[in-house]
Amino acid sequence: MTTYRLADLFAQRVKQHPDRECLVCGARRFTYGQVDTAAEALAAALRDLGIEVGDRVAVELPNQSEWVVAMLALARLGAVLVPLSPYLGYRELKYQLRHAEASLAVAVESLGGLDQVEVFDELIAELPDLQYLILVGQQDFWYDDRIFQFDELVQRGKRRQQVEPVDLDPESSPLAILYTSGTTGKPKGVVLTHRNLVRDAWATAEVLGLTEADRVLAAVPLFTIFGVHVVVMTLLAGGTLVLSEEFDPAGSLDLIEAEQVTVCHGVTTMFELFMRERSFRSRRLSTLRTGIVAGSPVSEDLVRRIREWCNIQVAYGLTETGPTVTITREEDPPELRETTVGRALDGVEVKVVDVKTGELHGPEAVGELAVRGANVMTGYYRMPTETRRSFTEEGFFLTGDLAIIDEAGYVTVLGRRSEVIIRGGYNIFPRELEDILRTHPAVDDVCAIGVPNPILGELICVCVIPVEGAIVTGDELREFFHDQVADYKIPDLVRFFDTFPLTGSGKVKRRELAQVVGMELSAT
């Protein structure tokens, strides 16, 4: 590899095989040449709107071909991709657009009955940095001079002068800013350079043996680091991306069969739901050869069951690490492929840090897993203090996860030092939910916890002490979260308490609460 600039690497693939299938999105199919033409045209149109190197552009789309085209257009311009979930509540969306200082947003016209035109009409009025909106859809709206249709803009760009990829430093130039919750519960913008994302994707693709013959199912949301990783890996290898707009077990299995998918990536919940689908045993899945399972703890039993039909590898990573840190390999001893998250990628160092002294440990010691390498973020956007706090003096990023590394370098993740709840592969931080629910007039105190669940990994349970004399139901409190947080953050359970168990310093004993709720669930 001579460069880490994504636009240059994609251009090499286009030159090698312009007629090879690049994207499958429903009934639509696009070759590498067609995707390149669309990305170049969009880049020309965005340049005419004033988008240039370093500008942040939010892309709030489900898994559609336009997402990939937008990413490549921005990479060509040297602008920064800010992937956002199309399922964000208004408050979350506004915060992330404002924090990223996004000057343009690409969004779907409507999703789940929500009219995005109305939403962004309000946002543009409230966010001075947000100048333009590009809408993906088929409806024929009348727009003002700040709102455009995606396809119309691409056609306009085809009539403009060609945009050559900008000359940028891949080690320092951001390719993307992805938002992830921090220990405070506030979303943090993780700044990842071209080198961070490309180097990590390339190293992971080599472990998996990806080639241009592979057809990769993209069912993980593209707005997550896992989704970005899947896209970049596949394009670097010259393979075909088979996009699943929303994950549906039966529908994704249909795609695997119809498109003869060879590589399937997903979080543990997705694989569990695949195998619980009624028609699973009758499916023809012989084309599948590998993939990655990651995003939350993977049990030995689940790994064994998945490998009966797809020889997946277990990986560990975070948004801040681009994402892959460690991964199992085909040549690893069978027991280590089931009980560990593998060894570090080439060019990545892992250590454990003593949680009390902060000293780096050698093998066989338990501590907080720390990572250093070309995959690690440059920092949190506009948060220098939080960035400094996240690194050791030696330049290792502190993951917040407790782990042990054996003499051969295999990593076993033991648990999370922080209180994050991992539900279906998504990270949810309790404080964010607690802060929202504390504004409800019937709530005196609240504590959000994770409760183990075989499908989702964990369920979100909010434990509530109601105001004396208040009459409130669990359904009412769950409804209170709608339009304030993304759907995957809405609590699954609400439990009412008279008091919470407290430590000597007055802190809630979260683990004890989780045990109480867990016992109740197991009893029922």
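General remarks:
- Theoretical FRET efficiency, 1/(1+(r/R0)^6), r = Cβ-Cβ of Thr357 and Glu206, R0 30 Å, to 0.05: 0.25
- Taking each residue as 0.36 nm, the span from Met519 to Ile465 lengthens on full extension beyond its C-alpha to C-alpha distance by 17.5 nm.
- Relative contact order (%) - criterion: Cα under 8 Å, at least six apart; region: region 385-524: 16 percent
- Calculated mean residue ellipticity, 222 nm, the chain: -9500 deg cm²/dmol, from DSSP H runs (n ≥ 4) at -39500 (n - 2.57) each, averaged per residue and rounded to 500.
- Region 390-439 has equivalent-ellipsoid semi-axes of 29, 15, 8 Å, by the square roots of 5 times the alpha carbon gyration tensor eigenvalues, sorted largest first.
- Integer Hz, Karplus 6.51/-1.76/1.60 couplings in order for region 345-357, x for Gly and Pro: 5, 4, x, 10, 10, 10, 9, 10, 10, 4, 5, 9, 9
- Note on region 46-107: dipole from Cβ charges, positive end direction compared against Val106, Ser65, Gly50; the farthest Cα belongs to Val106.
- Calculated on C-alpha atoms, the gyration radius of region 215-343 divided by its Kirkwood radius gives an Rg/Rh of 0.93.
- Largest-first ellipsoid semi-axes for region 28-185, taking √(5λ) over the Cα gyration tensor eigenvalues, angstrom: 23, 20, 15
- Normalised by the number of residues in the chain, the mean separation of alpha-carbon contacts (under 8 Å, six or more apart) gives a relative contact order of 12 percent.
- Sites Arg146 and Asp487, calculated FRET efficiency, Cβ-Cβ separation with R0 22 Å, nearest 0.05: 0.15
- Cα-based convex hull, the chain, per residue volume (Å³, whole number): 163 Å³
- FRET efficiency, Asp115 to Glu300 (Cβ-Cβ, R0 45 Å, nearest 0.05): 0.45
- Between Thr473 and Arg91, the simple label model (points 7 Å from Cα in the Cβ direction) yields a spacing of 2.3 nm.
- Residues in region 127-137 carry Karplus couplings, in order, of 10, x, 6, 7, 9, 9, 10, 10, 10, 9, x Hz; the curve used is 6.51 cos²θ - 1.76 cosθ + 1.60 with θ = phi - 60°, and Gly or Pro positions show x.
- Applied to region 233-239, the Karplus parametrisation 6.51 cos²θ - 1.76 cosθ + 1.60 on θ = phi - 60° returns per-residue 3J(HN,Hα) values of 4, 5, 5, 5, 7, x, x Hz, with x for Gly and Pro.
- Counted residue by residue at 0.36 nm each, then reduced by the alpha carbon distance between them, the extension gain from Arg20 to Glu407 reaches 134.9 nm.
- Modelled spin-label separation between Asp498 and Arg284, with each label point placed 7 Å from Cα along the Cα-to-Cβ direction: 6.4 nm.
- When the P(r) is computed for region 192-249, the part past 15 Å accounts for 46% of the Cα-Cα pairs.
Computed from the coordinates by the stated procedures, all read-outs in this text should not be read as laboratory data. As the structure is a prediction and not an experimental result, all values here were calculated from the model. Cβ coordinates were reconstructed from backbone atoms using ideal geometry, including for glycine residues, and neighbour counts include every protein chain displayed.
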